[in-house]
1. It is to be established whether one or more residues within segment 264-275 are under 30 Å from A202 (Cα atoms) and either assigned to a loop (DSSP other than H, G, I, E, B) or not basic (K, R) (or both).
2. Consider A208 against the criteria (1) surrounded by fewer than 16 Cβ atoms within 10 Å (Cβ to Cβ); (2) hydrophobic (A, V, I, L, M, F, W, C); (3) farther than 30 Å from K58 by Cα: it satisfies all of them except one. Which criterion is unmet?
3. Please verify whether segment 212-227 includes one or more residues that are in a helix (DSSP H, G or I) and either aromatic (F, W, Y) or within 15 Å of E260 (Cα to Cα) (or both).
4. Keeping to segment 131-154, report how many residues are open to solvent by 10 Å² or more (accessible area, probe 1.4 Å), over 22 Å from P39 (Cα atoms) and touching a strand residue (DSSP E or B) at 6+ places or on another chain (Cβ under 9 Å).
5. For residues that are assigned to a loop (DSSP other than H, G, I, E, B) and open to solvent by 20 Å² or more (accessible area, probe 1.4 Å), scanning just segment 14-26, find the one that is farthest from D43 (Cα to Cα).
6. Condition first: within 13 Å of the chain's Cα centre (by Cα) and open to solvent by 30 Å² or more (accessible area, probe 1.4 Å). Now tell me which residues in segment 238-255 satisfy that.
7. Would you check which residues across segment 259-280 are in contact with a Leu (Cβ under 9 Å, 6 or more places away or on another chain) and at pLDDT 80 or above and list them?
8. For segment 31-134, give me every one of the helices (runs of 4 or more DSSP H) that falls completely inside it and has 3 or more residues that are modelled with pLDDT of 90 or more and under 22 Å from E212 (Cα atoms).
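The values are calculated or read from the model by the stated rules, or taken from the named source; none is laboratory data. Everything numeric in this text was worked out from a predicted model, so none of it was measured. All Cβ positions, even for glycine, are placed from backbone atoms using ideal geometry, and neighbour counts span all protein chains on display. Calculation scope for accessible area: heavy atoms of the full protein, side chains included, ligands and nucleic acids excluded. Shrake-Rupley method; radii C 1.70, N 1.55, O 1.52, S 1.80 Å.
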Amino acid sequence: MSQETDAADTDTPLLFGRVLDGTGSARTIHWDEVQSWQPSTPDEVLWIHICRTRDGVKDWLEDHLRIPEPTAELLTSDQTRPRAFREGTNLVGTLRGINFNPGAEPEDMISMQFWCDGRRLVTLRRHPLQTPREIVSLLDRGEGPPDAGATITLLAELLITRMSQSIVDMNEVLDLLEDDDPDEHADQMLTKISSIRRNSLALKRHMAPQHEALEQISRDAPAWFEDHDRREIAESIARLRRYLDDIDISKESAVVLQDELRARSLASSEHATYMLTIVAGIFLPLSFLTGLLGINVGGMPGMNNPEAFWAVVALCALLFVGLLVVFRRLRWL
């Protein structure tokens, strides 16, 4: 899987821009050209990917694209819960994907906002994403989406596909944990299981609303979002639903494994406590007898008898054997 991202290397908000020609190819467009762009053919679509944290992005959206202020604020804000809605003939939404940037954890998901009127598609992000660059590579090879609807559909599909890799990785770790020896690596296993449960909860928390956002696109997208795009979105929705089920299974498997480890640990602790209790029950009478015979007062029997010591040893041995017999009959041993 490609690790190329849309990292910013310019002073303008534009990370990259392409003009789709309707056949799967595209040409590069720069920020200055974007300001005055008009389609030269009926099939041309402008796609610009910008960094929403750059100065002036919100004002540019309002002044140049005539986007209402509440929508422009949504597109540039940190409110990143997945959602989608129709605004006249425009489609607005927020999608989330796995953060594959160095040092990130799977649950550190990052968002991508988008706005589209059928002729112009604007995608915005805060942190670098791999998915937009992957689509740009397809366009540069002549194998990309032909229009705005197909581009949005492919963005959603690739974001979901990347989520599946995290689920596969979690399941592989669970398989290794199930084959591991809990007697030797119990603490390490519990740490990994806790991490898997946290990741599962984070993925579920973000993927569930994304499922709702895609369904909203499928139901209420404008007319320029064609029937084949709706079918593709429906496939993505079905795939995402399967992934949500897989997350639930992974989470339940982690819970079962965690409960089993804790049960084994509790049983081991209870067995150790039980054995200590048995030992104390055996030696308590012996300790009482030897303590009684060890008091330093007059009149102790056998003080002048050289055989008295061995008599006491024999008595202790008989008492020990007698206690063992009693404990066995009581099924304590």
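1. Step one: filter segment 264-275 for residues under 30 Å from A202 (Cα atoms), giving 264-266.
Pick out the ones that are also either assigned to a loop (DSSP other than H, G, I, E, B) or not basic (K, R) (or both) and you get 265-266.
Yes, some residue in segment 264-275 is under 30 Å from A202 (Cα atoms) and either assigned to a loop (DSSP other than H, G, I, E, B) or not basic (K, R) (or both).
2. (3)
3. As a first pass, look at segment 212-227 and keep what is in a helix (DSSP H, G or I): 212-220, 227.
From what's left, either aromatic (F, W, Y) or within 15 Å of E260 (Cα to Cα) (or both): none.
Checking segment 212-227: not a single residue is in a helix (DSSP H, G or I) and either aromatic (F, W, Y) or within 15 Å of E260 (Cα to Cα) (or both).
4. Of the residues in that region, 1 qualify.
5. Narrowing segment 14-26 to residues assigned to a loop (DSSP other than H, G, I, E, B): 21-25.
Subset that is open to solvent by 20 Å² or more (accessible area, probe 1.4 Å): 21-23, 25.
Working: D21: 6, G22: 5, T23: 9, S25: 11 Å.
Taking the candidates together, the pick is S25.
6. Y243, D246, D248, K251
7. Answer for segment 259-280, where residues must be in contact with a Leu (Cβ under 9 Å, 6 or more places away or on another chain) and at pLDDT 80 or above: just I278.
8. Values: elements: 31-34, 57-64, 69-76.
Filter on segment 31-134 gives 69-76.
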